[in-house]
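Below is one structure, written out as structure tokens; the observations come after it.
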Amino acid sequence: MTLLPTSPERVPTSAAQHRQPVLLGLHLRAGAGLSTVVGRAEAAGARCLQVFTQSPRSWGRAPQPPERLLELRGRVEASPTVSVLLCHATYLINLAAPDHAVRTNSRRCLVANLAGATAVGAAGLVLHPGSHRGAGWETGGHRIVDGLRWSLDAPRGSCDILLENTAGGGDTMGRSFSELARLIEWAGFDERLGVCLDSQHLFAAGADFASAAAMDAVIAEFDATVGLRRLRAIHFNDSHVPFGSQRDRHASLGLGMIGAEALRCFVGHPRLQGLPVVIETPGRQGGDPGRADVDYARSLRGAGRRRYAA
Ligand SMILES: [Zn+2]
Ligand SMILES: [Zn+2]
């Protein structure tokens, strides 16, 4: 692992950032209809919302029709509470795939996802960077960068892509901040690339944030590699699997293996304040996450902020 802290010092924080809390929210499945998610997010007290604009696990299914996407955009713009919308890209996309047909499908699917995210006015499209599947990191990295450039330059979208850190299983790429930084560097530091940081993936990849000092070190390493200005969204999930297990398995907050204190130190960190924070877990009361999950996350955040108050 290359997630070793590079510096134990505190990252300096602006006063303005200290004052603004994180925008807690949810990932919701469209279910009965894409536009219903805003009402459900509002009922849960969410300030941000993440959705798929097309099926997460299939290439073939048609994306949501344009009128639905526009309706969702209108609902978010009119919402008194939800102020940030994010989209998550289809899971099947693998820009690094050795198989040419899979790579081509992935690029096309990413462009369709970008078009959907653009249509709903999303602040970013969260994407798992990919898996080189034995081809080696360098080869996979160049494939990802080519795919990102091709997709971002395609005429149908203008939404930014947020590369998500991964749990690190198999040949997945983006398991450390230095890997994410290298992809962004190879893409010429394209301004349309940001990063989404997932707490479960971080834990599973073996990065310790169990205390304020440890989380400070994680944030300092992020700043020294990727740069904090690229951090645009947070996924706030507990883990079904142990520390360092490299598996991507989300648990409801407080019901997994990360531990309440680490969750507090994570979400309470001063440098995360002001960012959209999406809960992508099963709900504490079953189904999608809801008010109980947002309320619990808010209590973690409140206690977490006090860890850094001194
Ligand atoms: Zn995530
Ligand atoms: Zn995940």
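Every number here is computed from the coordinates shown, using simple stated rules; none is lab data. All values reported here derive from a predicted model rather than from experimental measurement. FYI the Cβ positions are ideal-geometry reconstructions off the backbone, even for glycines, and counts take in every protein chain you see.
Helix-only estimate, please: 222 nm mean residue ellipticity of the chain, summing -39500 (n - 2.57) across DSSP H runs of length 4 or more and dividing by its residues, to the nearest 500. Intermediate values should be presented prior to the final figure.
Working: 10 runs with 118 residues, N = 310.
-12000 deg cm²/dmol, from helical runs alone.
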Once the principal axes of the Cα atoms of the chain are found, what is the range along each, listed largest first in whole angstroms?
52, 44, 34
Would you please give the residues with an amide H less than 5 Å from that of residue 94, counting only those at least 5 places away or on a separate chain, with H modeled from the backbone geometry?
106
Can you compute 3J(HN,Hα) from phi for each residue in the range 93-103, using the Karplus curve 6.51 cos²θ - 1.76 cosθ + 1.60 with θ = phi - 60°, rounded to whole Hz and x for Gly and Pro?
4, 9, 5, 9, 4, x, 6, 4, 5, 5, 5
Simple spin-label estimate for residue 77/residue 255, 7 Å along Cα→Cβ, in nm, reads 3.8 nm
Amide H contacts of residue 258 (H built 1.01 Å from N, under 5 Å, at least 5 apart or other chain)
239
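Rounded to the nearest 5, what is the percent of antiparallel bridges among the DSSP beta bridges in the chain?
On the way: 4 of 30 bridges.
The antiparallel fraction comes to roughly 15 percent.
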Using θ = phi - 60° and the Karplus relation 6.51 cos²θ - 1.76 cosθ + 1.60, list the HN-Hα couplings for the range 233-245 in order, rounded to whole Hz, with x at every Gly or Pro.
7, 10, 10, 10, 10, 8, 10, 6, 10, x, 3, x, 7
Going by Cα centres, the range 268-310 and the range 149-169 are how many Å apart?
26 Å
What residues qualify as long-range amide H neighbours of residue 126, i.e. H under 5 Å apart, gap of 5 or more or another chain, H built at 1.01 Å from N?
87, 88, 89, 162
In order through the range 168-185: 3J(HN,Hα) via Karplus (6.51 cos²θ - 1.76 cosθ + 1.60), integer Hz, x for Gly, Pro
x, x, x, 9, 5, 10, x, 7, 9, 5, 5, 5, 4, 5, 5, 4, 5, 5
